[in-house]
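The block underneath contains the structure these notes are about, expressed in structure tokens.
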Amino acid sequence: MSKYPFNKEEELKDVGTYPQIPGIYGMPSFPSRKFNTPITPKENVLRMCRKEKPLWLPNIANDINIIQPLVMPDALARWKGGVDWFGIEWEYEPQTNAAMVKPGTRRLSDITEWENELVFPDLNEIDWQKDYDDNYKDVLSPNRATMFVIVNGLFERTADLTSFEDTFCYLLEEPEALHAFYDKLVDWHLELFKIAKDIYGADIITFHDDMGTQRSSFFSPDTFKEIMLPHYKKLNNEAHKMGLYVNFHSCGSVANQVENFCEAGFDFWEGQDACNDKSTLMEQYGDKLGQVSMFMPEPTLSDDELIEAIKEKLNTVGKTGRYITWFSDLNPNRKINGDELIYTLSREMYSK
């Protein structure tokens, strides 16, 4: 019998809401419901991070403080446009409410010139404590895990500084220059990780590096292993020493890279459901690599169809206890509460 048997009536009591937190990626944010949980949502998330069985399926909307401070130039440039941390100009695209590198922009003449042409930002120039005090201190619940979002990983940063075409050539022709650059870039990011931990109380870092199209990865697993793997191992090893867990956000059809993600030591992979067989990958690698993903059912689904969609999610990727969802229902006329249903059904499942 479970140490924490599910008491539906008690746990669904109205115990208030968590306050609104500044949104990430330019997305709107709202207050979120509290459940009367037998342990805190933070402890439940950390159980999963430690590869222990959670009491319910964590839902970012309810259980996690997810933040992306806009004092980071990358965060603002990737949303509204402007100049990022490394001097790259981004252009806002209103249809996607996001930005892309402005066409014709090139920050580095060549990757072999990075030491001569690139100035790494001084993270101490930002008043992180003031940003925390002004924007987060009063709204980050200590009962929820905190996830700190960082965009532009090793591959993405190289492509943004030069071009995608040249980056593919560098992966094959300039391994020495890339290794030197990535070693410096990882050290710089680890300084940022420490700020996320010490100032914002981060438990998890979401680290972006999109690596594929909807058909396949941009480069082979062997190339990842030769060029990227040593540096991502270092990133994760040092993060773990800080007491941080790392969620690797990598879009595209990158199933062929999942073994490398495991070897690199990532704790979670945040990938696209539409172009990866997430259920099969969870069965194969779930003991090593948890998964995080957006779960946004079609708003045209009937209430009964939504219930079935939630049950299917729980009975596939959710059944291992290694999945964190970010549920969002865009149908304002629902008679059922999807967040409540995810909590209830997963509590029942994990209590058995």
Within the range 180-229, considering residues that are among the polar types (S, T, N, Q) and outside any helix (DSSP H, G or I), the one least open to solvent (accessible area, probe 1.4 Å): 206
Lone unmet requirement of (1) within 18 Å of the chain's Cα centre (by Cα); (2) modelled with pLDDT of 95 or more; (3) farther than 24 Å from residue 343 by Cβ; (4) not in a helix (DSSP H, G or I) for residue 291: (3)
Have a look at 81, 104 and point out the one that is open to solvent by 80 Å² or more (accessible area, probe 1.4 Å) and free of Cβ contacts under 8 Å to residues at least 40 places away in the same chain. 104
Filter the range 107-117 down to the residues that are open to solvent by 60 Å² or more (accessible area, probe 1.4 Å) and touching a residue at least 24 places away in the same chain (Cβ under 8 Å), then identify the one that is nearest to residue 156 (Cα to Cα). 107
Can you list residue pairs whose Cβ atoms sit under 8 Å apart, with the first residue in the range 123-137 being in contact (Cβ under 8 Å) with a residue 12 or more places away in the chain and the second being open to solvent by 50 Å² or more (accessible area, probe 1.4 Å) and part of a helix (DSSP H, G or I)? Count only pairs 6 or more apart in sequence or on different chains. 123/191
Residue count, the range 188-210, condition within 21 Å of residue 156 (Cα to Cα) and in contact with a Cys (Cβ under 8 Å, 6 or more places away or on another chain), comes to 2
Could you please tell me which pairs satisfy a Cβ distance under 8 Å, a separation of 6+ or placement on different chains, a first residue in the range 58-75 that is over 22 Å from residue 46 (Cβ atoms), and a second residue that is β-branched (Val, Ile, Thr) and assigned to a loop (DSSP other than H, G, I, E, B)? 71/126; 72/126; 74/151; 75/24; 75/151
Residue satisfying all of: in the range 230-263; touching a strand residue (DSSP E or B) at 6+ places or on another chain (Cβ under 9 Å), small (Gly, Ala, Ser) and assigned to a loop (DSSP other than H, G, I, E, B); surrounded by the most Cβ atoms within 10 Å (Cβ to Cβ) among these: 250
For the range 113-164, give me the residue count where each residue is within 20 Å of the chain's Cα centre (by Cα) and of a type in the set (Lys, Arg). 2
Selection over the range 60-78 where residues are surrounded by 21 or more Cβ atoms within 10 Å (Cβ to Cβ) and more than 16 Å from the chain's Cα centre (by Cα) yields a count of 2
Restricting attention to the range 1-29, which residues are in a loop (DSSP other than H, G, I, E, B), of a type outside the set (A, V, I, L, M) and open to solvent by 40 Å² or more (accessible area, probe 1.4 Å)? 3, 4, 5, 6, 7, 13, 14, 19, 20, 22, 25, 28
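Quick grid of which residues meet (1) in contact with a His (Cβ under 6 Å, 6 or more places away or on another chain); (2) at pLDDT 95 or above; (3) open to solvent by 40 Å² or more (accessible area, probe 1.4 Å); (4) in a loop (DSSP other than H, G, I, E, B):
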| position | (1), (2), (3), (4) |
| --- | --- |
| 273 | no, no, yes, yes |
| 282 | no, yes, no, no |
| 287 | no, yes, yes, yes |
| 309 | no, yes, no, no |
| 314 | no, yes, no, no |
| 325 | no, yes, no, no |
| 336 | no, no, yes, yes |
In the range 265-288, which residue that is within 18 Å of the chain's Cα centre (by Cα) and polar (S, T, N, Q) is farthest from residue 66 (Cα to Cα)? 276
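The values are calculated or read from the model by the stated rules, or taken from the named source; none is laboratory data. Being a predicted model, the structure only gives us computed values, none of them experimental. For neighbour counting, all protein chains shown are included, and Cβ atoms are generated from backbone atoms with ideal geometry for every residue, glycine included. The area values use the complete protein model at the heavy-atom level, side chains included, leaving out ligands, DNA and RNA. Shrake-Rupley method; radii C 1.70, N 1.55, O 1.52, S 1.80 Å.
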